[in-house]
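Below is one structure, written out as structure tokens, with a few remarks after it.
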Amino acid sequence: MKRPPPIQWSYMSALPAVAWPAVPTAAASSVLSLLFQLDQSQWLAVESLEERQREQLAVLLEHAYRTVPWYRERWDGAPGVPGLSQLPLLSRRDLQDSFAGLRSSAVPPEHGVIAETRTSGSTGAPVRVVRTAFHDLMWRALSLRDHRWHRRELSGTLAAIRRGFGRGSSPSWGQATEGLVETGPCLTLDVDIDAASQLEWLQRHDPACLLTYPSLAAELARLSLERGVRLPGLREVRTLGESLSEDLRALCREAWGVPLVDMYSAEEVGYLALQCPDHAHYHVQSESVIVEILDDAGRPCAPGETGRVVVTELHNFAMPLVRYDIGDYAELGEPCPCGRGLPVLNRILGRTRNMLVAPDGRRYWPSLGSRRLGDTPGIRQHQFVQAEADLVEVRLVADRRLSETEEEKLRRHVLSRLPAGFRVRVAYCERIERGAGGKFEYFLSRIAG
Ligand SMILES: [Zn+2]
């Protein structure tokens, strides 16, 4: 197959008096070195990829058994690589309960500074993980792979509408490209405003690239069509964080005349799969993770079958995640005709409708204060459900009932995040059921169409 020439970027040099070819900082050079290898390993046959994974996995499993109490207690001796499928799954609940027990007592110092990440709780149950500086380098290299696969110029403006990112601007696209490639600016906007205002913001800035959640991209595209809004500078929509609805790609084409590129990542592990440059499905990032797709009996799915996503991260030696049941479902695919040996996921199944429908008909992704709920002792999990046109239910899985004062405080907090006219009810439940696609939904509207 004839491929287009690689995209040309402007690399940043850190060496005095050398502008070209660039010699970036040591960290950025390590990222480039990884990227150079990723460019080659993507073409390995699946057997060769698996062989290299086994080599890395052997080191990881030995390290996990020797230095991580949680695994040492549960594994029946140091496991061999072929025994991976016999090892117990690690659940989100285990991660919540055993933060200390899952940390390694002997992280290789060469892997760099250890930092803690707390997930935003967008899937209902916040977890904490620690990872090393090396893990971040790998994340940067995979980010650049995504940029290269999709031939991004990087010189345009990136507009990101994401939870936890307030209104702001920075001179570059972010950490992945820092000190390495010249980029345009990045503008951010929180999801916590209505879609009409978000669209006005986009019109004002006319970015080259829009990064947001599928449900929000859909809402903005529909609104654009309704109002005849054009975004002439837009080249691409990038999405993350939710499953794609069937029609979203077509909708973005219709509204803005641009392609949509989705990615599959999770805050606690990083990238799992990136969209193929030539097809609408995803390639597992095998240089960084082993992804198993398992049926209800725990057996590996065949291509075309849907099952639970179970992840083993190959490089986090500060807190190895071995067979982590991430809570998503995905459909396994056949090998890709593009020639890459990286396994294929056809679809990621997850949340469906997550937009609040306000009394005046506006729809938006509400931000109802998940982080605060995650901080309340005794609350394990929570979900907001728009049960009726004017009623939001806060569903809690908790070790105890909240006091009346706590409940009242919680109700007032949620009300302050909602348009006028809503009521809020607190409900306790044994567990929060998964949505149709198998993913926990932070916000679920029973009345959104
Ligand atoms: Zn492919």
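Quick check on region 273-280. Is at least one of its residues open to solvent by less than 30 Å² (accessible area, probe 1.4 Å), within 27 Å of Pro82 (Cβ to Cβ), within 17 Å of the chain's Cα centre (by Cα) and within 16 Å of the ligand (Cβ to nearest atom)? Break it down stepwise before answering.
To start, the set of residues in region 273-280 that are open to solvent by less than 30 Å² (accessible area, probe 1.4 Å) comprises 273-276.
Cutting the leftovers down to within 27 Å of Pro82 (Cβ to Cβ) gives us 273.
Now restrict to residues that are within 17 Å of the chain's Cα centre (by Cα): 273.
Keeping just the survivors that are within 16 Å of the ligand (Cβ to nearest atom) gives 273.
Scanning region 273-280, I find at least one residue that is open to solvent by less than 30 Å² (accessible area, probe 1.4 Å), within 27 Å of Pro82 (Cβ to Cβ), within 17 Å of the chain's Cα centre (by Cα) and within 16 Å of the ligand (Cβ to nearest atom), so the answer is yes.
Could you check Leu342 against (1) buried (at least 18 other Cβ atoms within 10 Å of the Cβ); (2) at positive phi; (3) within 16 Å of the ligand (Cβ to nearest atom) and say which number it fails?
(2)
Going through region 163-192 one residue at a time, which ones are in contact (Cβ under 8 Å) with a residue 60 or more places away in the chain, open to solvent by 40 Å² or more (accessible area, probe 1.4 Å) and within 21 Å of Leu142 (Cβ to Cβ)?
Once the filter is applied, which keeps residues that are in contact (Cβ under 8 Å) with a residue 60 or more places away in the chain, open to solvent by 40 Å² or more (accessible area, probe 1.4 Å) and within 21 Å of Leu142 (Cβ to Cβ), region 163-192 yields Glu178, Glu182.
For Val291, indicate whether it is away from the ligand (no atom under 15 Å from the Cβ), within 19 Å of Gln53 (Cβ to Cβ) and open to solvent by 10 Å² or more (accessible area, probe 1.4 Å). Spell out the reasoning first.
Working: away from the ligand (no atom under 15 Å from the Cβ): yes; within 19 Å of Gln53 (Cβ to Cβ): yes; open to solvent by 10 Å² or more (accessible area, probe 1.4 Å): yes.
Yes: the conditions hold for Val291.
Just a yes or no: is a residue in region 68-79 part of a helix (DSSP H, G or I) and closer than 28 Å to Ala141 by Cα?
Restricting attention to region 68-79, the residues satisfying the condition of being part of a helix (DSSP H, G or I) are 69-74.
After this cut, where a residue has to be closer than 28 Å to Ala141 by Cα as well, the list is none.
Within region 68-79, not a single residue is part of a helix (DSSP H, G or I) and closer than 28 Å to Ala141 by Cα.
Is it the case that His283 is open to solvent by less than 40 Å² (accessible area, probe 1.4 Å) and within 15 Å of the ligand (Cβ to nearest atom)? Give the steps one after another, and end with the answer.
Details: open to solvent by less than 40 Å² (accessible area, probe 1.4 Å): yes; within 15 Å of the ligand (Cβ to nearest atom): yes.
So His283 passes the test.
Mind listing just one residue for me: the one in region 329-339 that is touching a residue at least 60 places away in the same chain (Cβ under 8 Å) and near the ligand (Cβ under 9 Å from one of its atoms) and, of those, most open to solvent (accessible area, probe 1.4 Å)?
Looking at the filtered set, the residue picked out is Pro335.
Checking Ser197 against (1) free of Cβ contacts under 8 Å to residues at least 24 places away in the same chain; (2) of a type in the set (S, T, N, Q); (3) open to solvent by less than 40 Å² (accessible area, probe 1.4 Å): exactly one of these is not met. Which one?
Here Ser197 clears every test but (3).
For Leu248, state whether it is open to solvent by less than 10 Å² (accessible area, probe 1.4 Å) and over 30 Å from Met319 (Cβ atoms). So that I can check it myself, show each step before the final result.
Working: open to solvent by less than 10 Å² (accessible area, probe 1.4 Å): yes; over 30 Å from Met319 (Cβ atoms): yes.
In short, yes.
Take the residues of region 308-328 that are more than 30 Å from Pro109 (Cα to Cα) and surrounded by 23 or more Cβ atoms within 10 Å (Cβ to Cβ): which is farthest from the ligand (Cβ to nearest atom)? Steps first, answer last, please.
The initial filter retains those residues of region 308-328 that are more than 30 Å from Pro109 (Cα to Cα), namely 308-309, 327-328.
Add one more test, that the residue is surrounded by 23 or more Cβ atoms within 10 Å (Cβ to Cβ), and what stays is 309, 328.
Working: Val309: 19, Asp328: 21 Å.
For region 308-328, the residue satisfying everything is Asp328.
Looking at Glu110, Glu116, Glu153, which one is in a strand (DSSP E or B) and modelled with pLDDT of 90 or more?
On the way: Glu110 fails: in a strand (DSSP E or B); Glu153 fails: in a strand (DSSP E or B).
Criteria check complete, one pass: Glu116.
Inside region 95-107, can you point out the residues that are part of a helix (DSSP H, G or I) and surrounded by fewer than 16 Cβ atoms within 10 Å (Cβ to Cβ)? Steps first, please.
Restricting attention to region 95-107, the residues satisfying the condition of being part of a helix (DSSP H, G or I) are 95-97.
Residues satisfying the conditions are Gln96, Asp97.
Taking Arg92 and the conditions (1) open to solvent by 50 Å² or more (accessible area, probe 1.4 Å); (2) under 25 Å from the mean Cα position of the chain (by Cα); (3) among the charged types (D, E, K, R), which numbered condition does it fall short on, given that it satisfies the others?
(1)
Starting from residues that are without any contact (Cβ under 8 Å) to a residue 40 or more places away in the chain and in contact with a helix residue (DSSP H, G or I) (Cβ under 6 Å, 6 or more places away or on another chain), keep the ones in region 1-60 and report whichever is farthest from Gly339 (Cα to Cα).
Ala58
Can you tell me which of (1) open to solvent by less than 40 Å² (accessible area, probe 1.4 Å); (2) closer than 22 Å to Glu334 by Cβ; (3) among the acidic types (Asp, Glu) is the one Glu268 doesn't meet?
(2)
The values are calculated or read from the model by the stated rules, or taken from the named source; none is laboratory data. Everything numeric in this text was worked out from a predicted model, so none of it was measured. Positions of Cβ are generated from backbone atoms using ideal geometry, with glycine treated the same way; all protein chains shown enter the neighbour counts. Each accessible area value is taken on the protein alone, full model and side chains, heavy atoms only, with ligands, DNA and RNA left out. Shrake-Rupley method; radii C 1.70, N 1.55, O 1.52, S 1.80 Å.
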